[in-house]
1. Considering only the range 90-107, state which residues are part of a strand (DSSP E or B) and in contact with a helix residue (DSSP H, G or I) (Cβ under 7 Å, 6 or more places away or on another chain).
2. Looking only at the range 108-127, count how many residues are surrounded by 19 or more Cβ atoms within 10 Å (Cβ to Cβ) and part of a loop (DSSP other than H, G, I, E, B).
3. Could you tell me which residue of the range 9-23 is nearest to residue 73 (Cα to Cα), considering only residues that are more than 13 Å from the chain's Cα centre (by Cα) and loosely packed, with under 14 Cβ neighbours inside 10 Å?
4. Here are some residues: 54, 18, 60. Which one is in contact with a strand residue (DSSP E or B) (Cβ under 7 Å, 6 or more places away or on another chain) and modelled with pLDDT of 95 or more?
5. Going by what's in this entry, would residue 82 be described as within 28 Å of residue 16 (Cβ to Cβ) and in a helix (DSSP H, G or I)?
6. Which of the strands (runs of 3 or more DSSP E) found entirely inside the range 1-77 contain at least 3 residues meeting this: in contact with a helix residue (DSSP H, G or I) (Cβ under 8 Å, 6 or more places away or on another chain)?
7. In the range 88-107, how many are surrounded by 13 or more Cβ atoms within 10 Å (Cβ to Cβ) and over 17 Å from residue 39 (Cβ atoms)?
8. If you scan the range 78-87, which residues turn out to be touching a helix residue (DSSP H, G or I) at 6+ places or on another chain (Cβ under 8 Å) and surrounded by fewer than 15 Cβ atoms within 10 Å (Cβ to Cβ)?
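The values are calculated or read from the model by the stated rules, or taken from the named source; none is laboratory data. All of these numbers come straight from a predicted model, not from anything done at the bench. Note: ideal-geometry Cβ built from the backbone for every residue, glycine included; neighbour counts use all protein chains shown.
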């Protein structure tokens, strides 16, 4: 029988677990943490992508290029009331794409919320 894996891609943190002998066992990240912050950033000097704890640590010094709470924007149009509220409180740039979809700007490039979420999932898979 194959392994059963569960992934919680959360607004604040993400976690992955595997079923072992009928019980879920959380798989720690490469840093040893059970929770991975759902945060993605780009270092403005090097262009390096940062995901998880390392991205969260530099958020205060790099707020324009640090994306968090992106799940709130998932599947929404720019005109949606939730997106308009997010524009008022989130420090990073949220833009309206030509088709009305939402994108966030990080490192001078636009990313859709699913693309940012995929970066978090890539980190989980790599760890």
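1. To start, the set of residues in the range 90-107 that are part of a strand (DSSP E or B) comprises 94-96, 101-106.
Result: 94, 102, 104, 106.
2. 0
3. The initial filter retains those residues of the range 9-23 that are more than 13 Å from the chain's Cα centre (by Cα), namely 16-23.
Cutting the leftovers down to loosely packed, with under 14 Cβ neighbours inside 10 Å gives us 18-23.
Working: 18: 28, 19: 31, 20: 34, 21: 37, 22: 35, 23: 33 Å.
The residue in question is 18.
4. None of the other options fit; the residue is 18.
5. So residue 82 fits the description; yes.
6. Details: elements: 5-9, 13-20, 23-26, 39-42, 49-51, 66-68.
Ranges flagged: 39-42, 66-68.
7. Qualifying residue count for the region: 4.
8. Initially, the range 78-87 is screened for residues touching a helix residue (DSSP H, G or I) at 6+ places or on another chain (Cβ under 8 Å), giving 82-83, 86.
82 - this is the single residue of the range 78-87 that is touching a helix residue (DSSP H, G or I) at 6+ places or on another chain (Cβ under 8 Å) and surrounded by fewer than 15 Cβ atoms within 10 Å (Cβ to Cβ).
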